[in-house]
Every structure is written in C-alpha cells, then in structure tokens.
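Okay, structure first, notes after.
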2 protein chains.
Amino acid sequence: MDLISELGPLAFGSRLKRLSETIMRGGEDVYRFYGVDFQPKWFPIFYFLSQKSEAGIMEIAEGLNVTHPAVIQMSKELEKKGLIVSKKSDEDARKRNLKLSKKGKDLLPTLQKIWEEIKLMNAEIIENQEHNLLIAVKEIEDAWAAKSYLERFKEFHGL
Amino acid sequence: MDLISELGPLAFGSRLKRLSETIMRGGEDVYRFYGVDFQPKWFPIFYFLSQKSEAGIMEIAEGLNVTHPAVIQMSKELEKKGLIVSKKSDEDARKRNLKLSKKGKDLLPTLQKIWEEIKLMNAEIIENQEHNLLIAVKEIEDAWAAKSYLERFKEFHGL
DNA sequence: ATCAATTACGTAAGTGATTACGCAAATTTT
DNA sequence: AAAATTTGCGTAATCACTTACGTAATTGAT
C-alpha cells in the first residue's frame, strides 16, 4: 500500500520529488548504456555552456534558476572531470567565467546525439499521455507565478 | 530567462523538484497563517498515525513509500515537538511503535480542518487545469512502473 | 571624489531524502 | 534444536540542493 497516492494533492510534493529522482536515474542508465561518462545532474550547466560558450557563475545560476552555490558545486565536479575550465574575467575582477574544455567540446557531439534520442523518447511517452505532464506542470507553475499560494488561499476562503 | 523551461523533457527532473519545493513552501505559509506550529514535511507521518493509531517504523515507511531512515529522522522531530510518542512493542522486541501523543491528538481536529481547506483549494486549482497534473503524474508513474527507462529506451530504438 | 549600495563569488552549515552497513530478534529450514 | 535466513531498527555517510553570511570589486549618488 502506498498511502501517499491516496492523499491527492496534500502530499504531492514528496511524490513529485520521487518521480524526478526516478527520471534522473533513468538518465544515468542511458549514458551508461552508451558508455559515456556523464551524469544527468551535469546536464543543465553543460548544456548552458554549450549554448552560451562562456558565462559567469551568476549568469548560469539565473539561467538555470538555481542558486549560485549550486552552480559552484556542480561546476567543481565538471571541472574535476575536465569537461569545463574556468578563468577570471578580464573586464570584471569579481567574475569567474566558465566554458567547455577541449575535452568537453569533443564530447559534445556524442552527448547531443544522446540528448536528441532521450528527447525523442520522452516526447513519445509524453505524447501518449491523455493528460500531458509537461503542459500540466507549466499550467501549475504559471498559476503559482501569478499569485502566491497564501494569497490564493486567503482569496479562496474570502479572507 | 529560465533556460530549463525551454529544455522540454530533458531537464524535467530539476523542474519537478523546484515545483515540489514551491508547493511545500506554500503549505508552510498556510499553517503559519492559522498560527499552528506544524510543518508540511510532518504531514505524511502524522496523517498516517492519525489513521492507523499505532504503527512500527517499517510499516510507516512502506505505507509512505519512503525508506525507514527517513521515517526515523522525521519521527525524531515529531517526538521532540511532543506530537508523537514511541514505545517498544510487547510482541516483538525488534519493533518500536509510534503513535500520536495527547498533544498530537488534541491538535488533530485543527489540522484536519486546515488539511480539508488546503485539499479543497488544491482541488480547485487542479480542476481548473486543462491537463490534470495529478492524472498526468499518475500516468507517468504507471508507465515507469511497467517498464524501466532503459528497457523502454532500448525497445524504442530497436536494440 | 568619496561613501553607500549593489553585485559576484566563496564558504559553511542545514535539509530531507538516500544508500550502505551492522546488529539483534524472529522465523524458517533441515 | 541448530543453523541459516529474514526482518526491524539504528547509525553514518552522502547527495543535490538550500539559506546565511562574508568579502572584495564595481557602480551610483551626492
């Protein structure tokens, strides 16, 4: 018995978290299957740098909508793996810019191929859904962005 | 700019996590609004015990679909707050049973009222969705339960 | 030009979960 | 009844973030 699945929206947070972890784990398997030394958690930063070519910590953090310590931590791993390099900015002494290393750039085409396949397959799963998860999440995100939960709550109860 | 929201299914994990954290935070606000000293993270165990009245660690863990250390950690907080009590089982010396304390039982009616209101409001948000998040998540969970990601992946690519 | 405010980054500690490991009690096998 | 297995629980370490705080560099106001 899984009580949570009976609770409806109440315990929904934990449920989403679990689902996201399952998805992440699935990603690991796919990289391993292709014999590529890459982890799903590296994707956001790596992908960002493949698009922007060079960026400071804060720029990445804002782009990915995470905090800057999160970027620092993840990028440390990527740097250790030799996939990215960092160097102090010339224009602004406070900034440290990140970019893909030679090794990172070399790996990029392979990763892009894998990403494309994952994307295709995910798209298929999603499209087979009667209720589309992506759209549903977007709707909820938008609802939340428009009004805070508490505001909504007060309003709903005429307070 | 939020890059993640442009990535489609690829960075979906992080996105779900963020949404779940937003939901949790919303819950905090509501309890605070009612002046009740209760946190969303306590809900699963507390609710479980309000239904089962007395249960061992493993029973709760299975019921909530989390690991037993998670139950131990959360229940420590609840015990510290005086909302639950624990005692060694008479029948089985390995087991430690948890149940609501007097204080916990006294708080229950108030919490139930708040839960009911949260549930009503969430239901309204959900029902206004064109694509229902709850159903969508359930569909994905079921799809995953039926077949592992990698299996699905190999199959999809005819491997 | 100086002083205040802001920005960019770094570190430390906390969070809510997990995996890995170990032990003792109960159950099953033989 | 002894041995092997399973079960229930506890602890420690880890994970991928977060918040809180600090510092140095830049920008803005007067």
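Derivation of every value follows stated rules applied to the coordinates shown; laboratory data play no part. Treat the numbers as computed from the prediction; the structure is a model and nothing was measured. A quick note on method: Cβ atoms are made from the backbone with ideal geometry, for glycine too, and the neighbour counts reach across all protein chains shown.
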If you take every residue apart from A:Asn132 with its C-beta less than 12 Å away from the C-beta of A:Asn132, what net charge results, scoring Lys and Arg +1 and Asp and Glu -1? -4
In terms of the charge dipole of the protein assembly as shown, which places +1 on Lys and Arg and -1 on Asp and Glu at the beta carbon, the residue among A:Ala143, A:Ile118, A:Tyr47 farthest towards the positive end is A:Tyr47
Calculate the dipole size of chain B relative to its Cα centre from +1 charges on Lys and Arg beta carbons and -1 charges on Asp and Glu beta carbons; express the result in debye to the nearest 20. 840
Hey, what angle do you get for helix A:133-146 against the long axis of chain A, alpha-carbon based, 0 to 90 degrees rounded to 10? 80
Measure nothing but the geometry: give the 0 to 90° angle between the long axis through the Cα atoms of A:12-33 and the longest principal axis through the Cα atoms of chain A, rounded to 10°. 30
Paramagnetic reach from B:Glu54 in segment B:72-89 [backbone N under 11 Å; point 7 Å along Cα→Cβ]: B:87-89
Quick one: length gained pulling B:Arg25 to B:Glu155 fully straight, 0.36 nm per residue minus the C-alpha distance? 42.8 nm
Among A:92-101, B:89-98, A:36-45, how do they line up from the highest to the lowest mean number of other beta-carbon atoms within 10 Å? A:36-45, A:92-101, B:89-98
Stokes-Einstein D in µm²/s, Kirkwood radius over Cα pairs - segment A:3-128 at 37 °C with 0.692 mPa s viscosity: 201
To one decimal in nm, how far is B:Lys99 from the same spot in the other copies, if labels go 7 Å from Cα toward Cβ? Please give the shortest first. 6.8
Return the average number of partner chain Cβ atoms within 10 angstrom of each residue Cβ along peptide B:39-46. 2
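Once the convex hull of the C-alpha atoms of the protein assembly as shown is built, how many Å³ does it hold per residue, rounded to a whole number?
Considering the Cα atoms of the protein assembly as shown, their hull volume per residue is 174 Å³.
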If the only charges are +1 at each Lys and Arg Cβ and -1 at each Asp and Glu Cβ, what is the size of the charge dipole of the protein assembly as shown around the Cα centre, to the nearest 20 debye? 1480
Chain B, relative contact order [Cα under 8 Å, separation at least 6], %: 13
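Longer than 27 Å from Cα to Cα, which of A:Lys102/B:Lys17; B:Lys76/B:Lys138; A:Lys99/B:Lys154; A:Lys80/A:Lys113; B:Lys52/B:Lys138; A:Lys105/B:Lys17 are they? Say none if no pair is.
A:Lys102/B:Lys17; B:Lys76/B:Lys138; A:Lys99/B:Lys154; A:Lys105/B:Lys17
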Can you list the distances in nanometres, one decimal and ascending, from the A:Glu79 label point to the identical position in each other copy, with the point 7 Å along Cα to Cβ? 4.3
Measure nothing but the geometry: give the 0 to 90° angle between the long axis through the Cα atoms of B:68-80 and the longest principal axis through the Cα atoms of chain B, rounded to 10°. 40
How far apart are the A:Lys147 label points across copies, placing each 7 Å from Cα toward Cβ, in nm, shortest first? 4.2
Peptides ranked, highest mean first, by Cβ atoms within 10 Å: ranges B:49-59, B:130-140: B:130-140, B:49-59
